[in-house]
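A.B. asks: Take a look at this one; I'll ask things after.
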Amino acid sequence: MIRLGILGSGNGSNFQAILKAIDAGDLKAEIALVLSDNPDARILTRARDRGIPAQVIDCGGYKSKFPLESQQWTAQQLRQAGAELICLAGFMRLVRHPLLEAFPSRILNLHPSLLPNFPGLDAWQQALDAGVEETGCTVHLVDAGMDTGPILAQRKVAIESDDTADSLLTRIHAAEHELYPQAIAEYANSLGNMD
Ligand code: GAR
């Protein structure tokens, strides 16, 4: 049973999908801690409703920067909670050292495109603007770049001619909710096999 630490900035629908997979027995894990850089994030209330410890990361008033001290604090909280694998679930700040050093090859991210295409913000809108026929979602290991780490799993989503940003995003989310818990389970298994 691997202990997960979850970082999110917003709605937390992928966090909910992870919980669902744990409840169903498809993901042998427990959630040690949920952290958010946004005090109003729904992911925090979703966690607290389930009795899961949830705390706010103080980013010192910076809008998008993840200050060194905040990362140190985050690493410390995750370690104290006994987290073994960190899952970014809609966490919108760039994770760098020292968090990467605290959990080497143990931080996963979910991104709403088929990386390496369309890294960065509003990836589904980037795909629409580029006029491609398909996009999707990616689970990858986090490195010091933006959406650049080794890819673990992907799911394709076809783009229909009448798609709007909302309709496309809804289908990408549905794909993410299936893909992320599966990819976490597979990666956790592979870690277990390496121990
Ligand atoms: C997801 O679509 C995820 O791929 C994206 O944020 C959303 C979070 O939704 N992550 C990124 O864009 C990271 N670069 P949720 O809060 O409902 O899980």
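The values are calculated or read from the model by the stated rules, or taken from the named source; none is laboratory data. Here the structure is a predicted model, which means the values were calculated and not measured. Cβ atoms come from the backbone with ideal geometry, glycine included; neighbour counts cover every protein chain shown. Keep in mind that these areas ignore ligands, DNA and RNA; they rest on the heavy atoms of the full protein, side chains included. Shrake-Rupley method; radii C 1.70, N 1.55, O 1.52, S 1.80 Å.
A.B. asks: Leu78 versus (1) open to solvent by less than 70 Å² (accessible area, probe 1.4 Å); (2) within 16 Å of the ligand (Cβ to nearest atom); (3) in a helix (DSSP H, G or I): which is the lone unmet condition?
C.D. replies: The single condition Leu78 does not satisfy is (2).
A.B. asks: Any chance you could count how many residues in segment 14-51 are open to solvent by less than 30 Å² (accessible area, probe 1.4 Å) and either farther than 20 Å from Asn109 by Cβ or of a type in the set (S, T, N, Q) (or both)?
C.D. replies: Counting residues in segment 14-51 that are open to solvent by less than 30 Å² (accessible area, probe 1.4 Å) and either farther than 20 Å from Asn109 by Cβ or of a type in the set (S, T, N, Q) (or both) gives 2.
A.B. asks: Quickly run through segment 100-118 and pick out the residues that are more than 8 Å from the ligand (Cβ to nearest atom) and not in a helix (DSSP H, G or I).
C.D. replies: Phe103, Pro104, Ser105, Arg106, Ile107, Leu108, Ser113, Leu114, Leu115, Pro116, Asn117, Phe118
A.B. asks: Is at least one residue of segment 41-50 assigned to a loop (DSSP other than H, G, I, E, B), more than 21 Å from Gly192 (Cβ to Cβ) and more than 10 Å from the ligand (Cβ to nearest atom)?
C.D. replies: Checked segment 41-50: at least one residue is assigned to a loop (DSSP other than H, G, I, E, B), more than 21 Å from Gly192 (Cβ to Cβ) and more than 10 Å from the ligand (Cβ to nearest atom).
A.B. asks: Looking at segment 157-177 only, could you name the residues that are among the charged types (D, E, K, R) and in contact with a helix residue (DSSP H, G or I) (Cβ under 8 Å, 6 or more places away or on another chain)?
C.D. replies: Across segment 157-177, the qualifying residues are Glu160, Asp163, Glu176.
A.B. asks: Across segment 123-157, what is the number of residues that are open to solvent by 70 Å² or more (accessible area, probe 1.4 Å), assigned to a loop (DSSP other than H, G, I, E, B) and touching a residue at least 40 places away in the same chain (Cβ under 8 Å)?
C.D. replies: 1
A.B. asks: Within segment 166-184, which residues are farther than 20 Å from Ile31 by Cβ and hydroxyl-bearing (Ser, Thr, Tyr)?
C.D. replies: Ser167, Thr170 - these are the residues of segment 166-184 that are farther than 20 Å from Ile31 by Cβ and hydroxyl-bearing (Ser, Thr, Tyr).
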